[in-house]
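S.K.: Before I ask anything, here is the structure I am working with.
Just so it is clear, none of the values below were taken in a lab; they were calculated from the coordinates. Predicted model, so just to flag it, every value in this text is computed and none were measured. Every residue, glycine as well, gets a Cβ built from its backbone with ideal geometry; the counts of neighbours run over all protein chains shown.
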Amino acid sequence: MKDRRSDNELQEVLKRLPSVDRLLHHREVKKLLDGCPRKIVVNSIREVLEARRKKLTNGYGHLEPPSIEEIVEEVTAAVKNRLEWTLRPVINATGVIIHTNLGRSLLPTEAIDRVCEIASRYNNLEYDLAGGKRGSRYVHAESLIAEITGAEGALVVNNNAAAVFLVLNTLAQGREVIVSRGELVEIGGSFRMPDVMAKSGAVLKEVGCTNRTHLRDYEGAISENTAMILKVHKSNYRIVGFTKEVSTAEIAELAHRKGLLAVEDMGSGCFIDLSRFGLRDEPVVQTELAEGMDLVTFSGDKLLGGPQAGIIVGKKELVEKCKKNPMTRAFRVDKLTLAALEATLRLYLDEATAIKNIPTLRMIATPLHELEERARKLAGLLTEAISSAEDGASGERYFIGVEPTVSRVGGGSLPEQDLPSWAVSVRCSSASRIEKLLRSNKPPIIVRVENDALLMDVRTLLPEDDGYIVTAFKKILGEHSR
Ligand SMILES: *Cc1c(COP(=O)(O)O)cnc(C)c1O
């Protein structure tokens, strides 16, 4: 029965809630004040009191005001919550290497060290040391990119979305850009090629059909007002069956024969042929340029394995035009990005070093037998930990094993191409509940749940993650059995 208490009653109850001041003088709260800023404590108290007031106001029946101890307990929890970092490291046991939701690529140690070095000191970000005058931030990664890709010019901006926008806005504003209907991609987080193009001022001219586009389709669409043919990497989908797409070389040849620009949004931007690791079809930047693309754009934190950035490479004259676009200022990268990028790029000067030292490439290149060994080792540690936690436990059984699985490169690279891998599996009747507990662990552990099993793909685990995973399981099962 709903029987709302009267306004008078309610006022009485609300009055019995302790004041902020009284709480600030409570012994436990004083302890909190010793360890953290007063502002955090005061705001936490206000938050708790406000929530309590709401609860009482909306309450039906005999809601009693809480005891001061209860409130203090809530304040303590609220303070803890406020002091928690919002951006935190997590353990990625999903097997998705470039996981956009989990921060994409991990930086190589060399890049991390370089960021610290540059961030803690003054530097020549925009200072020409030889001339003793103002310089340009855009020179910093340029020569390395040219060295690796063979491109005449390079420009680094904030991300690939900005790179694509800048190229279109600089070179095709008010003019037509021809794109195959099979390539009008949407990348997660609202990067839609048609929308980006509209905002850039370029006019999209779609050609072909979803599954088939011929060279004659491109040719037939060219008009007085065409500026560019744009090829877009099908980053997160694949068109299979009765398909036809036009090669890079053919597009470039047609564009140049008609006095147009040939540009490619490569998405991932790979410098190394990955087919030896079982990944076919990911175009290599150097090849696309050699086949005649005037400009290509790609991300810094996908397959390249560096910091978030968008890289434009190709003909010097076109890159210079992009640099002069006032929008470039809005997309400019900071010194930390440039420091990390330069250090990452340097690793590419020797391919073996790049594969060994860049985490994204290293994870792709890890041999299957190593992954199996790794999975067996972690499964062994977990079995040991869980069997001791199960002593006198609730009766819930956990079956730990290893099984073959598939990892994904992710991040809009190599869609539908799976990498065979190994996972540790934990089968139990409460897999989804354990998944949630692992997610709220410190550090959070992100796993896959398939049927009744928790799966942890070891490909994306770092060496130190094993210890955290074992501790987390011990804790969770220990609490479960109590
Ligand atoms: C990922 C991607 C983008 C966006 O790149 P960001 O660096 O995330 O801005 C654009 N185009 C393609 C084809 C992509 O795969």
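S.K.: Grab the DSSP H runs of the chain that are 4 residues or longer, score each as -39,500 (n - 2.57), total them, divide by all residues and round the 222 nm result to the nearest 500 deg cm²/dmol.
M.R.: Values: 20 runs with 211 residues, N = 482.
Theoretical 222 nm ellipticity from helices: -13000 deg cm²/dmol.
S.K.: Applying the Karplus parametrisation 6.51 cos²θ - 1.76 cosθ + 1.60 with θ = phi - 60° to the phi angles of region 205-221, what ³J(HN,Hα) value in whole Hz is obtained for each residue in order, glycine and proline being reported as x?
M.R.: Going residue by residue, I get 10, 7, 9, x, 10, 3, 9, 9, 10, 9, 4, 5, 5, 4, 4, x, 8 Hz, with x marking Gly and Pro.
S.K.: Straight-line reach from K30: which lysines fall under 17 Å, measuring Cα to Cα and dropping same-chain residues less than 8 apart?
M.R.: In chain and number order, the partners are K39, K80.
S.K.: In addition: Tell me the net charge near L289. Cut-off is 12 Å between Cβ atoms, L289 excluded, with +1 for each Lys or Arg and -1 for each Asp or Glu.
M.R.: Local net charge: -4.
S.K.: Give me the number: length gained by fully extending S120 to N81, i.e. 0.36 nm times residue separation minus the C-alpha to C-alpha distance, one decimal in nm.
M.R.: Full extension of this stretch gives 11.0 nm more.
S.K.: At what distance in angstrom do the alpha carbon centres of region 323-357 and region 25-77 lie from each other?
M.R.: Result: 48 Å between the Cα centres.
S.K.: Go through M193, G150, L230 and say which Cα lies farthest out towards the positive end of the charge dipole of region 109-357; charges sit on Cβ, +1 for Lys and Arg, -1 for Asp and Glu.
M.R.: Of the listed residues, the answer is M193.
S.K.: Take the Cβ-Cβ distance between R88 and S432 as r, set R0 to 25 Å, and report the resulting FRET efficiency rounded to the nearest 0.05.
M.R.: The computed FRET efficiency comes out at 0.65.
S.K.: Which whole-angstrom value gives the distance between the alpha carbon centres of region 94-160 and region 219-250?
M.R.: If you average the Cα positions of each part, the centres end up 31 Å apart.
S.K.: Which lysines have a Cα lying under 25 Å from the Cα of K258, excluding residues fewer than 8 positions away in the same chain?
M.R.: Counting by Cα, and skipping residues close in sequence, K258 has these lysines nearby: K205, K231, K244, K315, K316, K321.
S.K.: Pop a pseudo-label 7 angstrom from the Cα along the beta-carbon direction at both E373 and T100 and give the gap in nm to one decimal.
M.R.: 3.6
S.K.: In nanometres, what is the gap between the two model label sites at K316 and C209, each 7 Å from Cα along Cα-to-Cβ?
M.R.: 4.6
S.K.: Please give the FRET efficiency for V139 paired with K475, using the beta carbon to beta carbon distance and R0 = 45 Å, rounded to the nearest 0.05.
M.R.: So, using R0 = 45 Å, E works out to roughly 0.30.
S.K.: Please report the relative contact order for the chain, taking Cα pairs under 8 Å with a sequence separation of at least 6, and give it as a percent rounded to a whole number.
M.R.: The normalised contact order for the chain reaches 18 percent.
S.K.: To continue, here is another question. What is the calculated FRET efficiency for T109 to N8, with r their C-beta to C-beta distance and R₀ = 51 Å, to the nearest 0.05?
M.R.: E(calc), rounded to 0.05, equals 0.15.
S.K.: Then there is this: Under 5 Å between amide hydrogens, which residues at least 5 positions from T405 or on another chain qualify, with H placed 1.01 Å from N in the peptide plane?
M.R.: S421, W422, A423
S.K.: Using DSSP H assignments, which helices in the chain have an axial alpha-carbon span of 27 Å or above and a mean Kyte-Doolittle hydropathy of -0.5 or higher?
M.R.: 368-389
S.K.: Hey, another quick one. Could you work out how far apart the two model spin labels at A198 and E250 are, taking each label as a point 7 Å from the Cα in the direction of the beta carbon, and quote it in nm?
M.R.: Calculated label separation equals 3.1 nm.
S.K.: Oh, and also: Can you work out the Karplus-derived ³J(HN,Hα) for every residue in region 129-134? Use 6.51 cos²θ - 1.76 cosθ + 1.60 with θ = phi - 60°, whole Hz, and x for glycine or proline.
M.R.: 5, 6, x, x, 9, 4
S.K.: If I stretch the segment between E396 and R53 completely, what's the gain in nm (0.36 nm per residue apart, minus their alpha carbon distance), one decimal?
M.R.: Length gained between E396 and R53: 119.4 nm.
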